[in-house]
Amino acid sequence: MAYHPLNEQEAIYIARSIPELFGRNTVLDCREIGDGNLNLVFHIREPASGRGVILKQALPYAKVVGESWPLTLDRARIESEALQEEGRLAPGLVPRIYGYNAELALTMMEDLSDHVIMRRGLIEGNRYPRFADDISTFLANTLFYTSDLGKNQQEKKLLSGRFINPELCKITEDLIFDHPYTDADTNSFNPELRPEVESLWADRALHLEVARLREGFLTRSQALLHGDLHTGSIFVREDSTKVIDPEFAYFGPMGFDIGAVLANLLLNFVGQEGWIHDAGKRAAFRDWLLETVEAVWNGFERKFGELWERDLVDRMAGTPGYRELYMQRLLQDTIGYAGCKMIRRVIGLAHVADIDRIADPQAKLAAERIALFVGRALILRHRETTSIAEVLDIARKAVG
Ligand code: SR1
Ligand code: MG
């Protein structure tokens, strides 16, 4: 079948070809459920058994903008190969892949409809007790074993050749590390925020730090990144975590992925301004979010350290004192990238429901202001930070 965007009947036809998933002549139903910025997502179900499958198809343009923004279909290959790599390194933490059809830019994967998208769960005020442990395992394993610390350096270079992803990287370079800091056409923000936004556009000290972080994103091939690890790319249940959507995968700075997770917890933290109205309950949920931020970093640091002790392949990286320097820099990168990811979700093209869907305009404006304040503080302070506790302190004081 030559490439074309599928309809629901065609998606059912393809789903039937997956071996041993559905009965021979059973009825299947299908809904297109894609609510992200880029792709079609079909959910095909067999009502009789409750079994299902997800078919994700890349469109040749960015859905969020339209056909005027062409986008490579190769991202579907990158996503399916990244999922397979991540599945090997972090078993159980990504969906199972049933197959990939290169012509149709289509990945067939496990139905996760017994999970919820974490962003939605957090907006509803739900807690996920397994999350910090699972995501810190995912981060430690995928980042360590695809870096020069845990992988033979020549094999790593060969692997990185499969994840050359210039078009998707360009989206990040523009939408995260450039456009929010100038009066770009792609920006979109609450008109009432204009004074704060104009002051960010003029903030040279901030731009200098963003330029350094941007340089890291452009030049540091540290490890295979997921590349877009926000809470809309994570499915959760109380007892399960599954990372999806690594179409932005490429070899980049590790702190970009860890920072994405922390930033999105913090975006929900500030967004709670408009979701939980009871002050005591809001404070308690915010405490849990900050405990989670801390647990994600601490869990990552401990597990990454254990892998370093056990499976280090680089002799020079074993030099006494090097690991401490490496982890310190990684924490600082993480915090800087987290700040960039907060600011882009308020000023840039793509926002987050945690803030955008707040019904009360005053609460929404307050949340936007706090997000900009926290994001800016993280960026400005990231190179001096020595402990994750400093992030919690900034966040607590901002909602004060
Ligand atoms: C044009 S794509 C906009 C955003 O959606 C994706 O999830 C990435 O975060 C990207 O920056
Ligand atoms: Mg995505």
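The values are calculated or read from the model by the stated rules, or taken from the named source; none is laboratory data. These figures come from a predicted structure and were not determined experimentally. Note that each Cβ is placed from the backbone with ideal geometry, even for glycine, and that neighbours are counted across all protein chains shown.
Listed values, structure above:
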quantity: Residue 257 vs. criteria modelled with pLDDT of 95 or more, out of contact with any Lys or Arg (no Cβ under 7 Å at 6 or more places or on another chain), part of a helix (DSSP H, G or I) and closer than 25 Å to residue 106 by Cα; calculated: yes
quantity: Options 309, 301: the member that is closer than 20 Å to residue 142 by Cα, without any contact (Cβ under 8 Å) to a residue 12 or more places away in the chain and part of a helix (DSSP H, G or I); calculated: 309
quantity: Matching option when the condition is more than 27 Å from residue 61 (Cα to Cα), of a type outside the set (Asp, Glu) and within 16 Å of ligand 1 (Cβ to nearest atom), among 267, 289; calculated: 267
quantity: Spans of helices (runs of 4 or more DSSP H) in the stretch 89-172 with at least 3 residues crowded, with 20+ Cβ neighbours inside 10 Å; calculated: 118-123, 131-145
quantity: Condition met for residue 212 (touching a residue at least 12 places away in the same chain (Cβ under 8 Å) and of a type outside the set (Ser, Thr, Tyr)); calculated: yes
quantity: Every pair of residues 6+ apart whose Cβ atoms lie under 9 Å, when the first sits in the stretch 216-239 and is within 11 Å of ligand 2 (Cβ to nearest atom) while the second is modelled with pLDDT under 95; calculated: 232/35; 232/36; 233/36
quantity: Options 383, 345: the member that is at pLDDT 95 or above and under 28 Å from residue 278 (Cα atoms); calculated: 345
quantity: Of the criteria (1) more than 29 Å from residue 162 (Cβ to Cβ); (2) away from ligand 1 (no atom under 16 Å from the Cβ), which one residue 66 fails; calculated: (2)
quantity: Counted residues, the stretch 229-240 - those being surrounded by fewer than 24 Cβ atoms within 10 Å (Cβ to Cβ) and either more than 21 Å from residue 54 (Cβ to Cβ) or within 13 Å of ligand 1 (Cβ to nearest atom) (or both); calculated: 4
quantity: Pair list, Cβ < 6 Å and 6+ apart or interchain, from the stretch 26-39 residues that are farther than 18 Å from residue 352 by Cα to residues that are among the small types (Gly, Ala, Ser); calculated: 26/48; 30/11
quantity: Residues (free of Cβ contacts under 8 Å to residues at least 40 places away in the same chain, assigned to a helix (DSSP H, G or I) and in contact with a helix residue (DSSP H, G or I) (Cβ under 9 Å, 6 or more places away or on another chain)) located in the stretch 173-199; calculated: 181
quantity: Within the stretch 348-368, tally of residues that are in a helix (DSSP H, G or I), more than 16 Å from ligand 1 (Cβ to nearest atom) and surrounded by fewer than 19 Cβ atoms within 10 Å (Cβ to Cβ); calculated: 5
quantity: Lone unmet requirement of (1) within 16 Å of ligand 1 (Cβ to nearest atom); (2) within 26 Å of residue 394 (Cβ to Cβ) for residue 249; calculated: (2)
quantity: All positions within the stretch 47-68 that are modelled with pLDDT under 95, basic (Lys, Arg) and away from ligand 2 (no atom under 16 Å from the Cβ); calculated: none
quantity: Some residue of the stretch 317-325 being crowded, with 16+ Cβ neighbours inside 10 Å, touching a residue at least 40 places away in the same chain (Cβ under 8 Å) and of a type outside the set (A, V, I, L, M); calculated: no
quantity: Of all residues in the stretch 75-88 being free of Cβ contacts under 8 Å to residues at least 24 places away in the same chain and closer than 17 Å to residue 56 by Cβ, the one that is surrounded by the fewest Cβ atoms within 10 Å (Cβ to Cβ); calculated: 84
quantity: Scan of the stretch 210-230 for residues that are within 24 Å of residue 87 (Cα to Cα) and of a type in the set (S, T, N, Q), ordered by number; calculated: 221, 222
quantity: Residue within the stretch 22-37 that is closer than 30 Å to residue 351 by Cα, surrounded by fewer than 17 Cβ atoms within 10 Å (Cβ to Cβ) and more than 23 Å from the chain's Cα centre (by Cα) present; calculated: yes
quantity: Yes/no for residue 243 being at pLDDT 95 or above, on the phi < 0 side of the Ramachandran plot, surrounded by 16 or more Cβ atoms within 10 Å (Cβ to Cβ) and more than 16 Å from ligand 2 (Cβ to nearest atom); calculated: no
quantity: Flag for residue 264 being farther than 23 Å from residue 149 by Cα and in contact with a His (Cβ under 6 Å, 6 or more places away or on another chain); calculated: yes
quantity: Out of 52, 34, sole residue that is within 16 Å of ligand 1 (Cβ to nearest atom) and out of contact with any Pro (no Cβ under 7 Å at 6 or more places or on another chain); calculated: 34
